[in-house]
Every structure is written in structure tokens, then in C-alpha cells.
Amino acid sequence: MVDTLVWITGASSGLGAALATTAPFDDARVVSISRSPGPDGTEHLPADLAEPVAWSAVETHLLARLTGFDGGHAVFVHNASTLDPIGFAGEVDSPAYRANVLLNSAAGQVLGHAFLKAVAESGFDGRAVLVMISSGAATSAYPGWSSYCAGKAALDQWVRAVGEEQRSRDTGVTVLSIAPGVVATAMQEQIRATDEADFPPVQRFHELHDSGRLRDPEDAARDLWAVLDRDLPSGSVTDLRS
Ligand SMILES: NC(=O)c1ccc[n+]([C@@H]2O[C@H](COP(=O)([O-])OP(=O)(O)OC[C@H]3O[C@@H](n4cnc5c(N)ncnc54)[C@H](OP(=O)(O)O)[C@@H]3O)[C@@H](O)[C@H]2O)c1
């Protein structure tokens with residue numbers, strides 16, 4: 001019997017894959033929402049989340065899965081993100097910039113809304129948790145990452161506002177934003193491969209790597225799951241480094 005339903009966007013790689021393999025729930029079903037499949041043992045809901053049409057399919061899926069589900073936990077982690085195209089606004093490729101904005105700024109808000117709606121409409125009465133994976137880029141302005149920084153800031157502010165809504169309705173749903181710190185994933189490899197002209201702070205990321213300060217994805221994932229045990233108030237925005 002399945003007691004916990006877990007959805008992770010972008011569980012095909014990096015932190016998302018580590019979150020899938022370390023999910024600390026007995027009898028859990030983990031669904032990866034991404035273009036390529038997640039780790040063995042996860043179910044794959046194929047979706048290009050930079051395409052708005054995919055958001056409706058996820059909303060339909062969430063309501064179908066939660067309707068009649070009588071397990072104890074439902075957890076949705078919005079982790080999928082991209083740095084592409086790294087470079088300055090006004091210089092990079094326009095379709096790629098548009099896709100970045102849709103994935104980093106819009107998808108999380110729309111999917112977060114879809115999860116909350118599915119929880120409410122399905123009558124699910126276990127513990128529901130919604131987590132947005134954030135970044136230090138939500139508060140530090142990095143030249144070359146304009147839409148990534150803007151997207152993470154948008155998610156943090158969405159969590160603050162929606163958290164207040166959930167508290168005022170006493171829904172019991174916990175909405176959190178968690179920044180994972182610097183983690184050894186494909187995203188960091190991509191950063192280090194970038195030309196300084198497109199991303200002037202690149203040297204700092206070489207130094208973090210060369211001095212061994214990137215975290216192992218599974219360690220970061222375990223710390224991230226542990227935040228859920230801290231009973232933080234809905235609307236909390238936190239960083240694993242603090
Ligand atoms: N690594 C770090 O140091 C670091 C630091 C701060 C914050 N973060 C955050 O941590 C999260 C995970 O990053 P990561 O480092 O693990 O990156 P990653 O290894 O590049 O993985 C990114 C994931 O996002 C998915 N994704 C990308 N574009 C997508 C799209 N259009 N539709 C659906 N899924 C898409 C990818 O899946 P598919 O390609 O299969 O679709 C992949 O599973 C991100 O939110 C990132 O901003 C990472």
C-alpha cells in the first residue's frame with residue numbers, strides 16, 4: 001500500500017535525482033516530472049515544463065492521483081530549473097530566454113497552484129507539503145543569470161504570499177522555499193564551462209570547486225528532507241547554509 005505520494009520536478013539529474021533516491025518515507029511512490037526519466041524505482045511523468053501545455057497535464061495528473069488517496073503524506077518538490085542561456089539579457093538567444101522565464105519564473109507558481117488545488121479538491125486529509133527549490137541567486141544579482149535570478153526571487157516571494165494564505169485559511173498545508181547551497185551537479189559543470197564574458201563571476205565557482213566546497217547531492221538532499229521535520233511555518237524561506 002502506498003502511504004506517501006512524492007512528486008519531484010527534474011528528478012532525472014543532480015539534486016532532484018538525489019531527492020528521489022533519499023526520500024525518507026516508507027511505502028512511497030515517487031514521480032519524476034521531467035523530460036528524461038528519473039532514477040530506477042521512480043515513475044516518470046514526461047513533461048517539458050518550459051511548455052505551458054505541460055502544466056495542464058500535470059494539474060490533471062495531480063488531481064487524479066490525489067482523488068481517493070488515503071495515505072498519510074503528499075509532497076510536491078519543484079526542483080527543475082535551468083541556467084540556459086547563460087549570458088546577458090539583450091545578447092542571448094530569444095527563444096531560449098523565453099523558455100528560461102517560463103520554466104524558472106512561471107512553472108513553479110502554476111504547478112504550486114495546481115498541487116494546492118488538487119489537495120483541496122481531492123479532499124486529501126493527510127500532511128501536504130509543497131517545496132520550491134531556491135538559490136542564493138534569489139537575493140544575489142549575478143550578471144549572466146538575469147532570468148534565473150528573477151525566477152528564484154519570484155518563487156521565494158510566491159512562497160511567502162501563499163504561505164500566508166495557507167495559514168489564514170488554516171489548511172494545514174506547508175509551503176516552503178529551500179535553497180540547497182552549492183551542489184556538485186551538471187549545473188555546476190555548466191557554470192564552470194562558461195566564458196567569463198557571458199558570466200563574469202565564473203572564477204568564484206572554479207574556486208568553490210577547486211577548494212572542495214561543492215556538496216555531494218545526496219548529502220544536500222538528506223539535509224533538505226530534514227527541513228520538513230522542523231515544522232517550519234508555512235511561507236518560510238530558508239537556506240541549507242544558514
Ligand atoms: N547545483 C547547485 O549548486 C545549485 C545551487 C542552488 C540551487 N540549485 C537548484 O537546485 C535545483 C536542481 O539543480 P541541479 O543542480 O540538480 O541541476 P541539474 O543537474 O542541471 O538538473 C536540472 C533538472 O531540471 C530538469 N529540467 C530542466 N529543464 C527542464 C524542462 N524544460 N522541463 C522539465 N524539467 C527540466 C532536468 O530534467 P530533464 O533535462 O530530464 O528535463 C533535470 O532533472 C534547481 O532548482 C537549481 O536551481 C542548484
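Bear in mind these aren't lab numbers, they're just calculated from the coordinates by the rules spelled out. These numbers come from a predicted model, not from an experiment. Neighbour counts are summed over all protein chains in view; Cβ atoms, including those assigned to glycine, are modelled from backbone coordinates with ideal geometry.
Spin-label pair residue 106-residue 140: with each label point 7 Å from Cα along the Cα-Cβ axis, the two points sit 2.9 nm from one another. Mind jotting down the distance between the C-alpha centroids of the stretch 187-242 and the stretch 67-84, whole Å? After rounding, the separation between the Cα centres reads 21 Å. Mind checking the log10 I(q)/I(0) for the chain at q = 0.13 Å⁻¹? Debye, one equal scatterer per Cα, no solvent, two decimals. One equal scatterer on each Cα of the chain leads to -0.76. Using just its DSSP H runs of length 4 or more, each adding -39500 (n - 2.57), the chain gives a mean residue ellipticity at 222 nm of -12500 deg cm²/dmol after division by all residues. For the residues 41, 87, 16, a GNM of the chain with alpha-carbon springs under 10 Å puts the largest fluctuation on 41.
Most mobile of 21, 171, 42 per a Gaussian network model of the chain (Cα springs, under 10 Å)? In the Gaussian network model the winner is 171.
At a 10 angstrom cut-off on C-beta neighbours, averaged per residue, how do the peptides 92-98, 30-36 rank from highest to lowest?
30-36, 92-98
Considering only 197, 11, 107, give the residue with the highest GNM mean-square fluctuation for the chain, with springs between Cα atoms whenever their separation is below 10 Å. Largest GNM mean-square fluctuation: 197.
Would you kindly calculate the translational diffusion coefficient of the stretch 81-212, applying Stokes-Einstein with the Kirkwood radius from alpha carbon pairs, for 25 °C and a viscosity of 0.890 mPa s, and quote it in µm² s⁻¹ without decimals?
151
By the scheme Lys and Arg +1, Asp and Glu -1, what is the net charge of all other residues having a beta-carbon under 14 Å from that of residue 139? Here the charged neighbours net out to +1.
Using Cα-Cα distances under 8 Å and only pairs 6 or more residues apart, what relative contact order does the chain have, in percent? Intermediate values should be presented prior to the final figure.
Working: 475 pairs, mean separation 49.2, N = 242.
Value for the chain: 20 percent.
With a simple spin-label model that places each label point 7 Å from the Cα along the Cα-to-Cβ direction, the separation between residue 1 and residue 125 comes to 1.5 nm.
Taking 0.36 nm per intervening residue step and subtracting the Cα-Cα distance, what contour gain separates residue 35 from residue 96 on full extension? Could the numbers behind the result be given before it?
Values: separation 61, 0.36 × 61 = 21.96 nm, distance 1.62 nm.
Extra length available between residue 35 and residue 96 comes to 20.3 nm.
Computed from label points 7 Å out along Cα-Cβ, the spacing between residue 209 and residue 56 is 4.1 nm.
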